[in-house]
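Below is one structure, written out as structure tokens; comments come after it.
The values are calculated or read from the model by the stated rules, or taken from the named source; none is laboratory data. A quick note: this is a predicted structure, and the numbers were derived from the prediction, not measured. Counting neighbours? That spans all protein chains shown, and the Cβs are built from the backbone with ideal geometry, glycine included.
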Amino acid sequence: MEEKNIVLYGNIDDGPVVAVVVENETLWLSQRQMAELFNVSLTTINEHLKNVFESGELEQNSTIRNFRIVATNRKSYNVMHYNLDAIIAVGYRVNSIQATHFRQWATKVLKEYIIKGFALDDDRLKQAKTVLGKDYFQELLERVRSIRASEQRIWLQVTEIFKECSIDYDSHSLEARRFFATVQNRFHFAINNQTAAEIIHARADHTKPHMGLKTWSNSPEGRVNKSDTTIAKNYLDEKELKSLERSVNSYFDYIEGQIERKKNFSMLELRQSVDKFLAFNDLPVLEGNGQVSKKQAEEKAHKEYEIFNKTQPIGRDFKNFLNEVKKLKK
């Protein structure tokens, strides 16, 4: 157990500074501390917590813990504390000026998340500040790399790169189609010495757990869908995936640097830039289109899936369905 003074919401100039207990990557406050935080009575906090639990919004067992606290008389007592989930739930119920400030701050963060898809505490990340005993900056970097290297994001960025720096860009030209058809294959080959089609063809196996997939749309415990089996990245293990993500991101950084220096490429030169980049980084360069076609890979994956799908357990999915039905009935 660790005690810290933090600004729970707002900034150091206008946010209330609160002494909290930090444990298990969350923070904990007693009812008295919550009353001070939102500037209301202890009775009000107690009433709102009761409503939170009775309505089923939160479960008591997962949000309450007893911590031994040393009082001003130097005696220690077991005091019931509530985690961040409970603090937020109460903050949205309390009627006070400070609670209003909390809701304004929370709404601002939520709005930014909904509109942009992310919300960051820039100051904390820049200064490596930790609240819950852990610096999440490295995790943020890894997640950004993963997003940039996602298949949808790759296509979007490649399209934008073509438009930005190709002097003869034509989305309907043979050269453009050729580039789009081979760019991912070249990066897959650089990491695994196999094209995307070859990876799918070699690794799709109905006898293996999850048909050989390392990740899928409903992972880690949900059902494998047919569409999951024809995405090469889904078969890569963590080490392979990180290598692919780093290579793709490094290439985009390289091209973005070229754009900033106002360097223009023909579409042929842009396609060749991928091979130059890979060769410069001592990675194998794909010659030709590989030994397996996209059609062959998809046919193999679909054939394996037809067999595998008959053995997929449905218990968890059916249980989730029943839980959703129960919620609708309430």
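Looking at this structure, is Leu213 modelled with pLDDT of 85 or more, within 20 Å of the chain's Cα centre (by Cα), closer than 20 Å to Pro284 by Cα and of a type outside the set (Lys, Arg)? Step through it out loud before you land on a result.
Numbers: modelled with pLDDT of 85 or more: yes; within 20 Å of the chain's Cα centre (by Cα): yes; closer than 20 Å to Pro284 by Cα: no; of a type outside the set (Lys, Arg): yes.
Here the answer is no, as Leu213 does not meet what is asked.
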Item to check | Residues satisfying the stated conditions in segment 180-223, i.e. within 28 Å of Phe277 (Cα to Cα) and of a type in the set (Gly, Ala, Ser) | outcome: Ala181, Ala190, Ala196, Ala197, Ala202
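For the structure I just gave you, tell me whether Ser273 is farther than 18 Å from Ile191 by Cα and small (Gly, Ala, Ser).
Working: farther than 18 Å from Ile191 by Cα: no; small (Gly, Ala, Ser): yes.
Criteria not met by Ser273.
Which residue is farthest from the chain's Cα centre (by Cα), if the candidates are limited to segment 234-282 and must be aromatic (Phe, Trp, Tyr) and at pLDDT 80 or above?
Applying the first criterion (aromatic (Phe, Trp, Tyr)) to segment 234-282 yields 235, 251-252, 254, 265, 277, 280.
This time we only want the ones that are at pLDDT 80 or above, so: 235, 251-252, 254, 277, 280.
Details: Tyr235: 19, Tyr251: 22, Phe252: 20, Tyr254: 25, Phe277: 28, Phe280: 31 Å.
Only one residue fits best here, namely Phe280.
Take Ala128 and decide whether it is among the aliphatic types (A, V, I, L, M), modelled with pLDDT under 85, within 21 Å of the chain's Cα centre (by Cα) and at positive phi. Working first, answer last.
Numbers: among the aliphatic types (A, V, I, L, M): yes; modelled with pLDDT under 85: yes; within 21 Å of the chain's Cα centre (by Cα): yes; at positive phi: yes.
The answer is yes for Ala128.
Say whether the condition of being of a type in the set (Phe, Trp, Tyr), at pLDDT below 75 and within 28 Å of the chain's Cα centre (by Cα) is met by at least one residue in segment 316-326.
Within segment 316-326, the first condition is being of a type in the set (Phe, Trp, Tyr), and the residues that meet it are 318, 321.
Still in the running and at pLDDT below 75: 318, 321.
When the remaining residues are screened for being within 28 Å of the chain's Cα centre (by Cα), the result is 318, 321.
Yes.
Among helices (runs of 4 or more DSSP H) lying entirely in segment 10-101, which contain 1 or more residues that are surrounded by 11 or more Cβ atoms within 10 Å (Cβ to Cβ), polar (S, T, N, Q) and modelled with pLDDT of 85 or more? If you could, list the steps in order and put the result at the bottom.
On the way: elements: 31-38, 42-54, 60-63, 84-91.
Ranges flagged: 31-38, 42-54, 60-63.
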Checklist outcome for this item: If you go through Leu270, Leu213, Leu236, the only one that is assigned by TED's automatic domain parsing to the domain that holds Ile307, in contact with a strand residue (DSSP E or B) (Cβ under 8 Å, 6 or more places away or on another chain) and not acidic (Asp, Glu) is Leu270
Checklist outcome for this item: When segment 169-194 is checked residue by residue, the ones that are under 14 Å from Gly288 (Cα atoms), surrounded by 14 or more Cβ atoms within 10 Å (Cβ to Cβ) and among the polar types (S, T, N, Q) are Thr182, Gln184, Asn185, Gln194
